[in-house]
1. Take ASP270 and tell me if it is surrounded by fewer than 19 Cβ atoms within 10 Å (Cβ to Cβ) and closer than 14 Å to PHE210 by Cα.
2. Here are the criteria: (1) more than 20 Å from the chain's Cα centre (by Cα); (2) among the aromatic types (Phe, Trp, Tyr); (3) under 22 Å from ALA283 (Cβ atoms). Tell me which single one PHE229 does not satisfy.
3. On the given criteria, is VAL181 β-branched (Val, Ile, Thr) and out of contact with any Ser or Thr (no Cβ under 9 Å at 6 or more places or on another chain)?
4. Could you please let me know if TYR189 is in contact (Cβ under 8 Å) with a residue 24 or more places away in the chain, over 21 Å from TYR239 (Cα atoms), surrounded by 14 or more Cβ atoms within 10 Å (Cβ to Cβ) and in contact with an Asp or Glu (Cβ under 8 Å, 6 or more places away or on another chain)?
5. If only one of GLU392, GLU387 is exposed (fewer than 15 other Cβ atoms within 10 Å of the Cβ), modelled with pLDDT under 95 and touching a Phe, Trp or Tyr at 6+ places or on another chain (Cβ under 9 Å), which one is it?
6. Within the stretch 177-200, how many residues turn out to be touching a Gly at 6+ places or on another chain (Cβ under 9 Å) and more than 20 Å from LYS154 (Cβ to Cβ)?
7. Only one of these is surrounded by 18 or more Cβ atoms within 10 Å (Cβ to Cβ), touching a Gly at 6+ places or on another chain (Cβ under 6 Å) and assigned to a helix (DSSP H, G or I): ALA293, ALA327, ALA310, ALA280. Name it.
8. For the stretch 124-137, indicate whether the set of residues that are under 30 Å from GLU83 (Cα atoms), in a helix (DSSP H, G or I) and touching a strand residue (DSSP E or B) at 6+ places or on another chain (Cβ under 9 Å) is non-empty.
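The values are calculated or read from the model by the stated rules, or taken from the named source; none is laboratory data. None of the values given here were measured: they were computed from a predicted structure. Don't worry about glycine lacking a Cβ; one is built from the backbone with ideal geometry, like all the others, and counts go over all protein chains shown.
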Amino acid sequence: MEVNYAQEMLDALSQGQMDAAQSAFAKSLRQDSDELIYSLAEELYALGFLNQSRRAYKKLLAKYPDEDDIRTALADIAIEDGEVDEAQNYLAQIKPDSPAYLQALLVKADIYQAEGLTESAEYSLLQAEDLAPEEIIIQFALAEFYYANLAYQKAIPRYRKLLLQGEREISRVDIVARLGVAYAAVGNYDNAIGYLEQIKPQQMTLDTQFQLAVLYQETNREEEAIKLFNAILDSDPKYTSIYPLLGQSYERLQQPEEAFRVYQAGLIQDETNTKLYHLAGHAAEKSGDDTAAEAYYQKALSIDESDTTALFMLADLYLQHNQYAQALSLLEKENKEIEDERFNWYLARIYQAIGDDGKAKQYWQEATPLFQENSDFMLDLINWYHEQGQPEAEIEALQRYLFLVPDDLDMQMRLEDLAY
């Protein structure tokens with residue numbers, strides 16, 4: 001009975017007997033049939049033993065120099081080892097009339113993609129498509145290439161073609177899920193939802209469920225979004241990107257207590273998530289607990305001193321309660337460290353409120369060129385001019401505001417009263 005040294009090696013590897021495996025490998029290269037050596041090379045490559053796989057393939061290539069599929073295998077190994085030049089050398093030896101040429105083009109595309117040469121990668125794939133337009137693996141490679149490079153409009157028709165050919169999953173990639181994400185990326189939410197809903201719940205990854213929940217939210221299907229977000233959290237409470245979105249869905253359904261609960265639960269899982277502190281603070285404000293809101297904003301700032309969102313939310317809170325000294329202290333301190341155009345606007349409001357018209361005027365003048373396209377700013381500026389008794393400037397500011405918000409009837413009447 002003929003001894004199968006290739007199998008002996010694989011058995012030894014599975015048992016962790018490396019010396020025995022090495023001995024069997026040497027015997028396999030000397031005594032096994034070429035078919036066994038070829039199978040062994042494939043198995044070793046799959047197991048990650050690249051050096052041994054390369055040795056087996058090289059032995060076969062020396063004996064069968066016209067077998068270009070061996071060259072593509074060696075090129076794959078060279079790519080895995082980061083030896084791009086060696087891989088290119090193998091591929092350059094494969095001529096267009098070779099049965100392995102298509103595979104060589106795919107491997108070339110992988111090399112170009114890895115080196116960031118996307119145009120060259122695309123050219124290789126399109127060459128392969130021209131040679132074999134109905135070849136499933138080429139359509140899949142092109143679809144995946146476009147998907148990876150965010151060219152979803154080009155990826156979609158190729159994924160659809162694969163589905164029409166009866167291909168639902170290739171290399172563990174769910175084609176339906178890919179289509180759902182691609183349609184979502186181009187803003188076609190109805191198609192995206194339609195595809196993702198075709199996936200059976202037990203076959204959905206958490207990421208796919210998350211994508212579908214986000215789409216429900218984007219299409220104002222808040223209750224469905226909430227149900228799916230909560231299902232994901234039941235499976236993985238540390239899926240922290242869900243908490244802000246889930247809370248916002250509750251807020252849209254006018255359920256602020258639930259939103260606040262979600263934000264607090266999220267902070268238990270991720271104590272450094274400043275966005276959750278912003279949302280929790282805002283929810284606390286809406287529920288009338290300004291003390292808690294202040295604590296959340298201050299906590300966010302303790303995590304990141306440059307967090308301007310928390311900074312201005314806290315400043316707004318102080319201004320709402322006429323705590324001008326606290327607001328001024330907060331902003332003057334941070335103004336030295338952070339560059340943000342909103343400082344001028346906020347300082348103008350504060351100095352106006354405490355009656356320091358000189359400094360207020362300075363900051364209004366500095367802020368105006370920066371915020372003329374902001375309707376909220378223009379309202380503040382209009383009130384400043386009104387307080388200062390400057391009707392001409394107030395009219396000009398009103399006109400600018402109404403250009404931005406033409407449907408504001410109250411401000412239209414105010415302008416008419418001033419103008420006439």
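1. no
2. It is condition (1) that PHE229 fails.
3. no
4. In short, yes.
5. Answer to the selection: GLU392.
6. Residues flagged as touching a Gly at 6+ places or on another chain (Cβ under 9 Å) and more than 20 Å from LYS154 (Cβ to Cβ) within the stretch 177-200 amount to 6.
7. ALA293
8. Yes, the stretch 124-137 contains at least one residue that is under 30 Å from GLU83 (Cα atoms), in a helix (DSSP H, G or I) and touching a strand residue (DSSP E or B) at 6+ places or on another chain (Cβ under 9 Å).
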